[in-house]
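Worksheet for the structure shown next.
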Amino acid sequence: MGVRCDVVIHAERAVTAGGEGPAAVGITDGRIVAVERDSAAGAALSGEETLRLGDELVLLPGLVDTHVHVNEPGRTEWEGFASATRAAAAGGVTTIVDMPLNSIPPTTTVEALRAKQAVARGQAFVDVGFWGGAIPGNLADLRPLHEAGVFGFKCFLLHSGVDEFPHLDAAGLKAALAEAAGFDGLVIVHAEDPETIDASPPAVGPGYAGFLGSRPKEAEERAIAQVVVAARETGARAHILHLSDADALPLIAAARAEGVRLSVETCPHYLTLTAEEIPDGATQFKCCPPIREAGNRDRLWQGLADGTIETVVSDHSPCTAELKRLDSGDFGAAWGGIASLQLGLPAVWTEARRRGHSVADVVEWMSTGPARQAGLADRGRIAVGCQADLVVFAPDEEFTVDPARLLHRNPVSAYAGRTLTGTVRHTWLRGRAIDIDAEPRGRLLRRGQA
């Protein structure tokens, strides 16, 4: 007897645990209840609604983006939960985890977490989790934040860019890691060494080479070495955010080989853009750490291929157009951050396919891996028991990026005018297509709830 479902999707191409191939996916009450790779078994599935995808489309699990700056409350003119999650849905992202800055207040106390949750509730078109923050003076807040459901704690090792989220020194980092180790919490680190950057020529004016020189690779390597030592001594779990320096990969690999609990991510802009192609004055490309040279980009791809880098997440960090100083093109004065929540999948896929990677590889880096890192066991995969968060993706369809058509709040994009391959046709949350013009259905997530 066949299985009766709410919805059945028949896909000529689907990325499941067995790789890419034909599959029939049954969904009931927002969960995946059947995944059949055998055509006869798939034919036995029946649903109140049936969808058949042609072979020009691929069914993917919804992406999980664990590095998103929503900025609400406090800097909602930069971005907000409604605009950010609409952009996420348009880009095939069904779960985001929000960073503890640049909102006001930052998420460094349970009270601040509650304030952010209250604002997010009822605005989210995708599911939203929250990181806490580790700053000087809030060590006693880390366990209560953990118990309140944050996914871990972000810290900076140099000025964060906003005064209300100060950075940790070496002693503060070790103390935060030791505290988190007591409850097996995760500390995620913006790893750039302040002394190295202070000793470098400051970024002034429109020259990208000058900006790149102001954030040298050595700053990342020295900071990562500091994280490795502290994680080794405390036994804590540590995660390196937005790696741009491929020279740090051997250090990371060696630390893991000796048992240090260390993970690392990189971002679409480091994998797709290069310093050589950035014109002077093009401050839409400014981010910290910076986009580096083409050879460095090649070695980041090697780090993905060999598993040293496990995840690719957006570091969506938008601001108003005025703060990008597009009028003056001054890299020293412009806000550093790239808004890419809607474009991460096509940007990475465009470069990945050129390098011989599969759609299944991209799913591992942008969906399965981030879900695993965040402890979201019920998503990131097309598998029985998982939440039915799905993406219908056209991998061969090209488009040219027009910032005015993107859904994040401010129309600034480092990808403006670029032709990318791969479009998101539909994004499903809990078994239903997301309608960004309808009532939001996203839920607020707690660590460990799935």
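Throughout, read-outs are computed from the coordinates displayed, never taken from laboratory work. For clarity, every value in this text was computed on a predicted model and none was experimentally measured. Positions of Cβ are backbone-derived with ideal geometry, glycine not excepted, and every protein chain shown enters the neighbour counts.
Rounded to the nearest 10 degrees, what's the angle between the helix 170-181 long axis and the longest principal axis of the chain, both from Cα atoms, 0 to 90?
On a 0 to 90 degree scale, this one is about 30.
Using the Cα centre as the reference, give the magnitude of the dipole from point charges on the C-beta atoms of the chain (Lys, Arg: +1; Asp, Glu: -1; all else neutral), rounded to the nearest 20 debye.
Details: 42 positive and 59 negative charges, 168 e Å.
Roughly 800 debye for the chain.
Net charge near THR108, counting Lys/Arg +1 and Asp/Glu -1 over other residues with Cβ under 10 Å of its Cβ? Could the numbers behind the result be given before it?
Values: positive: LYS154; negative: GLU111, ASP141, GLU164.
Once all neighbours under 10 Å are counted, the net charge is -2.
Which FRET efficiency value, to the nearest 0.05, is calculated for GLU48 and ALA377 with the Förster distance at 35 angstrom and r the Cβ-Cβ distance?
On the way: r = 28 Å, r/R0 = 0.79.
For GLU48 and ALA377, the calculated efficiency is 0.80.
Determine, for the chain, the count of lysine pairs separated by eight or more sequence positions (or lying on different chains) whose alpha-carbon distance falls under 27 Å.
The number of close lysine pairs in the chain is 10.
On C-alpha positions alone, give me the angle between the axis of helix 110-120 and the longest principal axis of the chain, in degrees, nearest 10.
For 110-120 against the chain, the angle is about 50 degrees.
Give the calculated FRET efficiency between ARG425 and ASP163 to the nearest 0.05, with a Förster radius of 41 Å applied to their Cβ-Cβ distance. Could you put the intermediate results ahead of the total?
Numbers: r = 43 Å, r/R0 = 1.05.
According to the calculation, E is roughly 0.40.
Packing-wise, with mean Cβ within 10 Å as the measure, how do 419-428, 320-329 rank, highest first?
By packing density, highest mean first, the sequence is 419-428, 320-329.
Rounded if a/c is under 1.5, else prolate if a/b beats b/c, else oblate: with a ≥ b ≥ c from the C-alpha gyration tensor eigenvalues square-rooted, which is region 4-55? Walk me through the numbers on the way to the answer.
On the way: a/c = 1.64, a/b = 1.48, b/c = 1.11.
Here region 4-55 falls in the prolate category.
Rounded to the nearest 500, what is the 222 nm mean residue ellipticity of the chain from helices alone, with -39500 (n - 2.57) per DSSP H run of 4+ residues and division by all residues?
-8000 deg cm²/dmol
Could you work out the relative contact order of region 4-55? I mean the mean sequence separation of Cα pairs under 8 Å and 6+ apart, divided by the number of residues, in percent. Don't skip to the answer; put the middle values down first.
Numbers: 109 pairs, mean separation 23.8, N = 52.
It comes to 46 percent, rounded to a whole number.
Per-residue counts of other Cβ atoms within 10 Å, averaged by peptide: what ranking do you get for 117-126, 284-293, highest first?
Details: 117-126: 19.2, 284-293: 22.3.
With the highest mean Cβ count within 10 Å placed first, the list reads 284-293, 117-126.
To the nearest 10 degrees, how steep is helix 294-305 against the longest Cα principal axis of the chain, on a 0 to 90 scale?
Around 50 degrees separate the two axes.
Relative contact order for the chain using alpha-carbon pairs under 8 Å, separation at least 6, rounded to a whole percent?
On the way: 1106 pairs, mean separation 93.7, N = 450.
After rounding, I find 21 percent.
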